[in-house]
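**Q** My structure is below; once you've seen it, I'll send some questions.
The values are calculated or read from the model by the stated rules, or taken from the named source; none is laboratory data. As the structure is a computational prediction, the values presented were derived from the model and not from experiment. Positions of Cβ are backbone-derived with ideal geometry, glycine not excepted, and every protein chain shown enters the neighbour counts.
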Amino acid sequence: MNLFAEIRDLVVDCLAAMQSEGTLPGGLDFGNVSVEPPRDAGHGDMATNAAMVLARPAGLKPRDIAQALAERMAGDPRIAAVEVAGPGFLNLRLAPTVWQGVLASILAEGEAFGRSDMGRGQKVNVEYVSANPTGPLHVGHTRGAVFGDALASLLAYCGHDVTREYYINDGGAQVDVLARSVYLRYLEALGREVAFEDGTYPGDYLIPLGKQLADKVGNAWVGQPEAVWLAEAREFSTGAMMDLIRSDLAALGIRMDVFFSERSLYGTGRIEAAIDALRARGLIYRGVLEPPKGKVPEDWEPREQTLFKSTEHGDDVDRPIMKSDGGWTYFAPDIAYHYDKICRGFDALIDVFGADHGGYVKRMKAAVSALGDGRVPLDIKLTQLVKLWKDGEPFKMSKRAGTFVTLRDVVDQVGPDATRFHMLTRKNDAPLDFDFARVLEQSRENPVFYVQYAHARVMSVLRKAAEAGIAADDATLAGAELARIDDGAELAVARKLAEWPRLVEIAARTHEPHRVAFYLYELAGDFHALWNRGNDQPGLRFLQEGDIATSQAKLALARAVSVVISAGLGILGVTPAQEMR
RNA sequence: GGUCCCGUAGCUCAGCUGGAUAGAGUGUUCGCCUCCGAAGCGAAAGGCCACAGGUUCGAAUCCUGUCGGGACCGCCA
């Protein structure tokens, strides 16, 4: 139930009635008419711009339309007051019964209260993490993982049919490097002296793999050329790394629906098929690219290559898909992978990349635009860097120095809930500070704590009610005498709760799950404020001694807050706290 | 040189398909626990929304340009 949508319907109905009685000309487009919460609460509960948007097409003065509309709207029982303001805004004040009705809906619908069906019938693919299978996930991956997962949940909450997907980059040279590195650990496990040169991964996490290989194949590979062992070592190593990555993700509470292997595209004709699809659209040609302007590499020389005419679909230059040695560039399997997604029938694609991949956005969009003939939108969300802080000092990560902070390190130290919430306290394209101490701090400064605390407070007061023998299950509370909720501070919380369905839709439409986190912080703030007023005004406390009916009405409000917080945290993948310990 | 992202209060950041006097937290100043719900609450101060043009009833938001910060930039993945 979206109250803003309901009131907008009312506005549109009134406008239509004005048309049929001749106050407004026919043939107007109401598409731009909106009903929104005003910035300033002093302006009322909602405001509509109807009069201003329609003034010009209707050939009337905004304030005249507003006045007529106001008179008509005033007749609706949901409208307590309506006034024309500013250049032609209509400020609406809703009857307390409306807010009380919101509380009843929340208790009746539970966490389905904010659900939307905007995505009904829409198959959406969200690809995220997609880290190379060459090592454990680190902090940077964590942000992309949490962001992608929350976005996927958000879309699912809005009725989309969501597939969570991970693209395994197991087709390129880096997995050969992995295999060689593991081979060295294998030799080491058999007591040989080995040296890790440049171009191998020296990480300790490969030591157990070397041992396992030694147990498995014994001395068979010692002194043998790569042709003997490389393929099998690669298979074994990437498999083990993906197991590691899967368990890292599980520690964060993330489970993918699909792991898609890049390797599965090779030797199966699937890359060729994707390129053929581009060729059929006249987008593949042989040609020579201009050197990059400004910064010309020293060893630049013009070469004829097989190119994708991505400029036809918004890219800045055409992109090579085949190397001069005849092999595919990395871009070719990426094209084939996205072609595969299109062929699987998704209505929309979302890729979550690290900000360092910003350079690939245009070409990837070009490929999808070409292969989907413009019908399948691809949104690419970039997650900015995570800056680590420890003890108030910036913490530099370095693989060489061994100060490499993994996803596992973070989750082990602060837990999955705090990790996830904190990763969403910034917009995806803004850099994020992650301070280990800060994230665990119990203060208002820490949104993780502050939101959890609000939920725990509701749970606490419900437990108190039970101790006092007051029935406080959802069904009972839904039938409480909600008219007793009439204080301004209480109605302010109800008003905030009413915004939830609208916020969910905006967050889903813009692909911005951080909005949920910010909303929860604000809602928690409103709730804490009300709670604290109970200090000075005992009449605002949730439990009213000797007055079960009023207690139940107030408990209904508290419970509604916890339902929405719980729904919101659920989208973010965070468990609501039952108590603060 | 090009592309993308960012520039909002001292600091860290929100800001709704363009809406009214631009908001939070923190910090600063002031008030609130002998008792009942203070890991908190209330109030005040704090702004050329980087700059300059443009679009229109109306711009922090959209367009163009300039300045500043970051990321990326031909066969590597």
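**Q** Does segment A:537-552 include one or more residues that are charged (D, E, K, R), within 35 Å of the chain's Cα centre (by Cα) and at pLDDT below 95? Full working, then the answer.
**A** Residues of segment A:537-552 charged (D, E, K, R): A:541, A:545, A:547.
Cutting the leftovers down to within 35 Å of the chain's Cα centre (by Cα) gives us none.
Checked segment A:537-552: no residue is charged (D, E, K, R), within 35 Å of the chain's Cα centre (by Cα) and at pLDDT below 95.
Here is a yes/no grid of residues against (1) near RNA strand B (Cβ under 9 Å from one of its atoms); (2) touching a strand residue (DSSP E or B) at 6+ places or on another chain (Cβ under 7 Å); (3) part of a helix (DSSP H, G or I):
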{"residue": "A:Leu491", "(1), (2), (3)": "no, no, yes"}
{"residue": "A:Arg509", "(1), (2), (3)": "yes, no, yes"}
{"residue": "A:Glu512", "(1), (2), (3)": "yes, no, no"}
{"residue": "A:Leu530", "(1), (2), (3)": "yes, no, yes"}
{"residue": "A:Asn535", "(1), (2), (3)": "yes, no, yes"}
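**Q** Another question, then. Limited to segment A:121-146, what total is found for residues that are closer than 17 Å to A:Ala355 by Cα, assigned to a loop (DSSP other than H, G, I, E, B) and β-branched (Val, Ile, Thr)?
**A** The total comes to 1.
**Q** Next up: Which of the residues belonging to segment A:327-350 are within 23 Å of the chain's Cα centre (by Cα) and away from RNA strand B (no atom under 13 Å from the Cβ)?
**A** A:His338, A:Lys341, A:Ile342, A:Arg344, A:Gly345, A:Phe346, A:Asp347, A:Ala348, A:Leu349, A:Ile350, listed by residue number.
**Q** Output yes when any residue across segment A:546-568 is more than 30 Å from A:Cys158 (Cα to Cα) and assigned to a loop (DSSP other than H, G, I, E, B), and no when none is. Lay out the reasoning, then the answer.
**A** Initially, segment A:546-568 is screened for residues more than 30 Å from A:Cys158 (Cα to Cα), giving A:546-552.
Restricting the remaining residues to those that are assigned to a loop (DSSP other than H, G, I, E, B) gives A:546-547.
Scanning segment A:546-568 turns up at least one residue that is more than 30 Å from A:Cys158 (Cα to Cα) and assigned to a loop (DSSP other than H, G, I, E, B).
**Q** Here is a follow-up. Given the condition in contact with a Ser or Thr (Cβ under 6 Å, 6 or more places away or on another chain), assigned to a strand (DSSP E or B) and hydroxyl-bearing (Ser, Thr, Tyr), answer yes or no: does some residue in segment A:152-166 qualify?
**A** Looking for residues that are in contact with a Ser or Thr (Cβ under 6 Å, 6 or more places away or on another chain), assigned to a strand (DSSP E or B) and hydroxyl-bearing (Ser, Thr, Tyr), one finds at least one in segment A:152-166, hence yes.
**Q** Take A:Lys362 and decide whether it is modelled with pLDDT under 95 and among the basic types (Lys, Arg).
**A** On the way: modelled with pLDDT under 95: yes; among the basic types (Lys, Arg): yes.
It is true that A:Lys362 is modelled with pLDDT under 95 and among the basic types (Lys, Arg).
**Q** Working only within segment A:7-37, note down all residues that are touching a residue at least 40 places away in the same chain (Cβ under 8 Å) and part of a helix (DSSP H, G or I).
**A** The answer is A:Ile7, A:Arg8, A:Leu10, A:Val11, A:Cys14, A:Leu15, A:Ala17, A:Met18.
**Q** In addition: What single numbered condition from (1) at pLDDT below 85; (2) in contact with a Gly (Cβ under 9 Å, 6 or more places away or on another chain) fails to hold for A:Arg420?
**A** Among (1) at pLDDT below 85; (2) in contact with a Gly (Cβ under 9 Å, 6 or more places away or on another chain), the lone unmet condition for A:Arg420 is (1).
**Q** Counting only residues that are assigned to a helix (DSSP H, G or I) and among the basic types (Lys, Arg), which one in segment A:177-207 is surrounded by the fewest Cβ atoms within 10 Å (Cβ to Cβ)?
**A** Our first condition is that a residue be assigned to a helix (DSSP H, G or I); within segment A:177-207, this holds for A:177-189, A:204-207.
After this cut, where a residue has to be among the basic types (Lys, Arg) as well, the list is A:180, A:185.
Values: A:Arg180: 20, A:Arg185: 27.
The extreme case among them is A:Arg180.
Every residue, every condition in (1) more than 11 Å from RNA strand B (Cβ to nearest atom); (2) of a type outside the set (Phe, Trp, Tyr); (3) outside the structural domain of A:Ala418 (by TED's automatic domain parsing); (4) in contact (Cβ under 8 Å) with a residue 40 or more places away in the chain, yes or no:
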site	(1), (2), (3), (4)
A:Leu523	yes, yes, yes, yes
A:Phe542	no, no, yes, yes
A:Asp547	yes, yes, yes, no
A:Ala556	yes, yes, yes, yes
A:Ala560	yes, yes, yes, yes
A:Gly568	yes, yes, yes, yes
A:Glu579	no, yes, yes, yes
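**Q** Could you check segment A:208-226 and list, in sequence order, the residues that are surrounded by 13 or more Cβ atoms within 10 Å (Cβ to Cβ) and hydrophobic (A, V, I, L, M, F, W, C)?
**A** A:Leu209, A:Leu213, A:Ala214, A:Val217, A:Trp221, A:Val222
**Q** Here are A:Lys365, A:Lys387, A:Lys427: which of them is under 23 Å from the mean Cα position of the chain (by Cα), closer than 30 Å to A:Phe308 by Cβ and either buried (at least 17 other Cβ atoms within 10 Å of the Cβ) or within 16 Å of RNA strand B (Cβ to nearest atom) (or both)?
**A** Within the list A:Lys365, A:Lys387, A:Lys427, the selection yields A:Lys365.
**Q** Suppose we filter segment A:441-462 for residues that are farther than 17 Å from A:Val146 by Cβ and in a helix (DSSP H, G or I); how many remain?
**A** 12
**Q** In the set A:Gly42, A:Gly110, A:Gly88, A:Gly101, which member is under 29 Å from A:Ala558 (Cβ atoms) and near RNA strand B (Cβ under 9 Å from one of its atoms)?
**A** Of the residues listed, the single one that is under 29 Å from A:Ala558 (Cβ atoms) and near RNA strand B (Cβ under 9 Å from one of its atoms) is A:Gly42.
**Q** What pairs come up if the first residue lies in segment A:75-94 and is among the acidic types (Asp, Glu), the second is within 11 Å of RNA strand B (Cβ to nearest atom), and their beta carbons are under 6 Å apart, counting only those six or more places apart or on different chains?
**A** A:Glu83/A:Asn91
**Q** Which pairs have Cβ atoms under 8 Å, sit 6 or more apart or on different chains, and link a residue in segment A:299-328 that is farther than 18 Å from A:Ile271 by Cβ to one that is of a type in the set (D, E, K, R) and assigned to a strand (DSSP E or B)?
**A** Pairs found: A:Glu304/A:Arg286.
**Q** Looking at (1) touching a helix residue (DSSP H, G or I) at 6+ places or on another chain (Cβ under 8 Å); (2) of a type in the set (Asp, Glu); (3) outside the structural domain of A:Phe542 (by TED's automatic domain parsing), which one does A:Asp433 not meet, given that it meets all the others?
**A** Here A:Asp433 clears every test but (1).
Yes or no, residue by residue, for (1) loosely packed, with under 14 Cβ neighbours inside 10 Å; (2) assigned to a strand (DSSP E or B):
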| position | (1), (2) |
| --- | --- |
| A:Pro291 | yes, no |
| A:Thr306 | no, yes |
| A:Tyr337 | no, no |
| A:Phe346 | no, no |
| A:Ser369 | no, no |
| A:Leu382 | no, yes |
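**Q** While we're looking at this one, here's another question. If a residue has to be more than 16 Å from RNA strand B (Cβ to nearest atom) and surrounded by fewer than 17 Cβ atoms within 10 Å (Cβ to Cβ) to count, how many in segment A:57-75 make the cut?
**A** Of all residues in segment A:57-75, those more than 16 Å from RNA strand B (Cβ to nearest atom) come to A:68, A:71-72, A:74-75.
Retained after the next criterion (residues that are surrounded by fewer than 17 Cβ atoms within 10 Å (Cβ to Cβ)): A:71, A:74-75.
Adding up the residues that qualify gives 3.
**Q** Suppose we filter A:Asp198, A:Asp204, A:Asp176, A:Asp170 for residues that are more than 16 Å from RNA strand B (Cβ to nearest atom) and either within 43 Å of the chain's Cα centre (by Cα) or at pLDDT below 95 (or both); which single one remains? Reasoning before the result, please.
**A** On the way: A:Asp198 fails: more than 16 Å from RNA strand B (Cβ to nearest atom); A:Asp176 fails: more than 16 Å from RNA strand B (Cβ to nearest atom); A:Asp170 fails: more than 16 Å from RNA strand B (Cβ to nearest atom).
Only one candidate passes the filter, namely A:Asp204.
**Q** Could you tell me which of the residues A:Glu441, A:Glu393, A:Glu467 is of a type in the set (D, E, K, R), out of contact with any Ser or Thr (no Cβ under 7 Å at 6 or more places or on another chain) and near RNA strand B (Cβ under 10 Å from one of its atoms)? Write out each step before concluding.
**A** On the way: A:Glu393 fails: near RNA strand B (Cβ under 10 Å from one of its atoms); A:Glu467 fails: near RNA strand B (Cβ under 10 Å from one of its atoms).
Only one candidate passes the filter, namely A:Glu441.
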